[in-house]
Amino acid sequence: MKYIKHLLLVLTLPFISIFTKADEGMWLPLLLEKLNEKQMKSLGMKISASDIYNINKGSLKDAIVSFGGFCTGEIISDKGLVLTNHHCGFDAVQNHSSLENNYIRDGYWAKDNKEELKNPGLFVTFIVRIEDVSKRALAGVDASLNEKDRQAQIDRNIALINKNAKKESYQKSFVRGFFEGNQYYMFITETYNDVRLVGAPPAAIGNFGKDTDNWMWPRHTGDFSMFRIYAGKDNKPADYSPDNVPYVPKRSLSISLDGVAQNDFTMVFGFPGRTNEYLYSTAVEQIRTISDPAKIAIREKALGVLNSFMRKDEQIKIMYASKYAGVENSYKKWKGEVLGLTVSNAVAKKRAYETDFQRRIAANPEWNAKYGNLFAYFDRAYNEQSKYSLARDYFNETMGRIEAFTIVNQINSLQNIKEKNGAAAFADAVPKVVDRLQDIYKEYSPAVDKQLFIVLMENFVNNQLQEFIAPFLQKKIELYKNNIAALADDVYSLKSLSQQGDITMKGLLTNADEWVNENSNSLAFQLFNELRNHYTSTVVPTLNEMQESINQTQRKYMQAQMDVFKEKTFYPDANSTLRVTYGKVNGYRARDAVDYQITTYLDGVMEKYVPGDYEFDVPEKLRELYKNKDYGPYGANGKMPVCFIAQNHTTGGNSGSPALDAWGNLVGLNFDRVWEGTMSDINYDPAICRNIMVDIRYVLFIVDKYAGAGHLINEMKLVHPKKPGKAAKK
């Protein structure tokens, strides 16, 4: 009788709350054959799961790399040529740029291997294989362990797993938890540290539309750059050397010249960073109404300061370009997230799902005993945690935007070493701190940073609970009669904050003891330490304790969902590991009477063109190519495709990921999501969640016709999968 009652309950539940949508999910590639292949083929995929992931022969996974640990890239030639986003390669382009050689403004294209530029610290990582090690990782773990002891046991298990992992001497391994730590997988990797810049279009193409178009559709951005992996003469990983040779991959991607059409199958292969798809409704509501709005307000103030300086000074524009892009990217993403969560009724849908969950729990005494109190705990815990989470956001967003605090933190590190480890350790540390400070000063303007301090500290003091403002700062505010600008004058009177970096470096290298003493007695040093100490004493311990308990309950809730909804196929949240997502090319309705099509064209670039504009200028050569309709073999029906959208579930880290067609050929380069769908990290809605990709034909057009880098095209394998028997022309 219980079985019949349970079955009837299942059948009456809303369809949307039970089954994963066809276009939702970030799936582990080794499980595609078991979980997804049938569905993928029903959507139009022409290859098999073993063509995507295979450890016995070359497969698509062998053409995918984690680019620098923060983006994705793909190999597009048998000479180790890597394609990724312009914004992923931007730091490398910026580091090679100067007023004399402004590669941000003008672009850069190496004519041959000798002109390809080295990038110290940049690396790419391949995934060799993935193994389920859940049983070994969770050995000795049971409900009797508290969270600290549980993690300690898992850490010991993981250390043993890594020690015993079968791998080559040049390979590494790591183990990561999935489903909130209910499962564990091991990844065997190969990392190449000699990665050289091959080419990047000018920002007027690679970042066309900049802030206005970011996270928006329709989009007209050629967001790509190219690098090359170099290896030792044995094709194995090697540190940079002039004697290194282009890497020969196990697999490179073929490139389709046929483009995409409505309802075409697509999949995106890459390293998505972080999602939270299984959060409780109260947590989602707090993100929508408290956390995101606070962070948006802080970054809006920071962007206002940066923008005012960058528009007036070309040198500052170069120095702060990467920082500005980073600040603006999350700012606009959070705004879209709030919008999407609101218009999609995400919280209401979560609560409907939770009601279904509770009904099933109530119908099963065993589940009720085990999981019946989860939601009562969540409501209490999130409400208690709210003010501490907000204090964290204020602290991180404020301190993280003010470079003076970063500089002072380096002073701090030297002071601590001097006091705790003695003169010898202090002397050893000085050159390392000098190196770090040199990197900071390359992108530091005292005038800009001082104005950031004034604006952000005013917000910090005026818009949060007084209990989270350090008493030292409160006294200083009273002393300066609420004049933050006057406080800033004294803070930035410190030489290391007010002068250029070379002067500071000279002082540190000449007499480190004197330099540290001078800085550690400054107002800037005192303020930083008082702010940090107050935060770490009043916020961090309580917040960490609360979050640890919430995490423990979330792990239990995750397992409960998989126990209760047996008919649902669950995918793990993103955690910067290799994943596949798939769906169809499809437009969407953004709002009433606003329907978006799937493709944008070069015509749209010209419609947006504003001569000399910071965001919408168009290079003369591109205008000339458009005027003459000189698109080569890359145009379609007399037009030049630029970008397209599809229902692929992506997030940060998927930047630079390949968009692949039904045959596994490269058709696009993922770089963004539509504004209304940025909430897909929390709530995927197939009606409005779309990823944005550069059409690969636009990439080829820019490389060939605009940059004149046809030698790179000659490395690639161009195909016509929709026109069997027709060879691609180069």
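The values are calculated or read from the model by the stated rules, or taken from the named source; none is laboratory data. This structure is a prediction, so every number in the text was calculated from the model and none was measured. Reconstructed Cβ throughout: ideal geometry from the backbone, glycine too, with neighbour counts over all protein chains shown.
From the set of residues in the range 311-325 that are assigned to a helix (DSSP H, G or I) and free of Cβ contacts under 8 Å to residues at least 60 places away in the same chain, which is surrounded by the fewest Cβ atoms within 10 Å (Cβ to Cβ)? Steps first, answer last, please.
Within the range 311-325, the first condition is being assigned to a helix (DSSP H, G or I), and the residues that meet it are 314-325.
Filter once more, keeping what is free of Cβ contacts under 8 Å to residues at least 60 places away in the same chain: 317, 324.
On the way: 317: 18, 324: 20.
It comes out as 317.
Considering each residue of the range 43-60, count those that are of a type outside the set (S, T, N, Q) and not in a loop (DSSP other than H, G, I, E, B), and give that number.
Pass one, the range 43-60, residues of a type outside the set (S, T, N, Q): 43-47, 49, 51-53, 55, 57-58, 60.
From the residues that got through so far, the ones that are not in a loop (DSSP other than H, G, I, E, B) too are 49, 51-52, 60.
The number of residues fulfilling the criteria is 4.
Give the range 447-457 a look and list any residue that's buried (at least 18 other Cβ atoms within 10 Å of the Cβ) and of a type outside the set (Lys, Arg), or say none. Working first, answer last.
Step one: list which residues in the range 447-457 are buried (at least 18 other Cβ atoms within 10 Å of the Cβ), which gives 448-457.
Hits for the range 447-457 are 448, 449, 451, 452, 453, 454, 455, 456, 457.
When the range 134-164 is examined, which residues are found to be among the small types (Gly, Ala, Ser) and within 17 Å of residue 180 (Cβ to Cβ)? Don't jump to the end; show me each part of the working.
Here is the first cut: in the range 134-164, the residues among the small types (Gly, Ala, Ser) are 134, 137, 139-140, 143-144, 152, 159.
Within the range 134-164, 134, 137, 143 qualify.
Sort through 119, 95, 101 and tell me the only one that's in contact with an Asp or Glu (Cβ under 9 Å, 6 or more places away or on another chain) and not aliphatic (A, V, I, L, M). Before the answer, list the steps.
Values: 95 fails: in contact with an Asp or Glu (Cβ under 9 Å, 6 or more places away or on another chain); 101 fails: in contact with an Asp or Glu (Cβ under 9 Å, 6 or more places away or on another chain).
Selected residue: 119, the only one of 119, 95, 101 that is in contact with an Asp or Glu (Cβ under 9 Å, 6 or more places away or on another chain) and not aliphatic (A, V, I, L, M).
Restricting attention to the range 201-257, and to residues there that are within 21 Å of the chain's Cα centre (by Cα) and of a type in the set (Asp, Glu), which single residue is nearest to residue 666 (Cα to Cα)?
Ranking the candidates gives 223 first.
Restricting attention to strands (runs of 3 or more DSSP E) lying wholly within the range 178-244, give those where 2 or more residues are within 30 Å of residue 600 (Cβ to Cβ). Talk me through it step by step, then tell me what you get.
Details: elements: 183-192, 194-200, 225-231.
Ranges flagged: 194-200, 225-231.
Six or more apart or on different chains, Cβ under 6 Å: which pairs go from a residue in the range 516-544 that's farther than 17 Å from residue 416 by Cβ to one that's of a type in the set (Ser, Thr, Tyr)? Could you list them?
539/388; 542/388; 543/388
Is the range 578-598 home to any residue that is of a type in the set (Lys, Arg), within 24 Å of residue 67 (Cβ to Cβ) and either under 16 Å from the mean Cα position of the chain (by Cα) or at pLDDT below 95 (or both)? Break it down stepwise before answering.
Step one: list which residues in the range 578-598 are of a type in the set (Lys, Arg), which gives 579, 584, 589, 591.
Going one step further and asking which of them are within 24 Å of residue 67 (Cβ to Cβ), we end up with 579.
From what is left, the residues that are either under 16 Å from the mean Cα position of the chain (by Cα) or at pLDDT below 95 (or both) are 579.
Yes, the conditions are met somewhere in the range 578-598.
Taking into account only those residues within the range 675-691 that are of a type in the set (A, V, I, L, M, F, W, C) and touching a Gly at 6+ places or on another chain (Cβ under 8 Å), which is surrounded by the most Cβ atoms within 10 Å (Cβ to Cβ)?
Per the criteria, the residue is 679.
May I ask you to list pairs of residues, at least six apart or on different chains, whose Cβ atoms are under 6 Å apart, with the first in the range 696-718 being over 14 Å from residue 224 (Cα atoms) and the second being among the hydroxyl-bearing types (Ser, Thr, Tyr) and not in a helix (DSSP H, G or I)?
Hits for this filter: 715/77; 716/77; 717/254.
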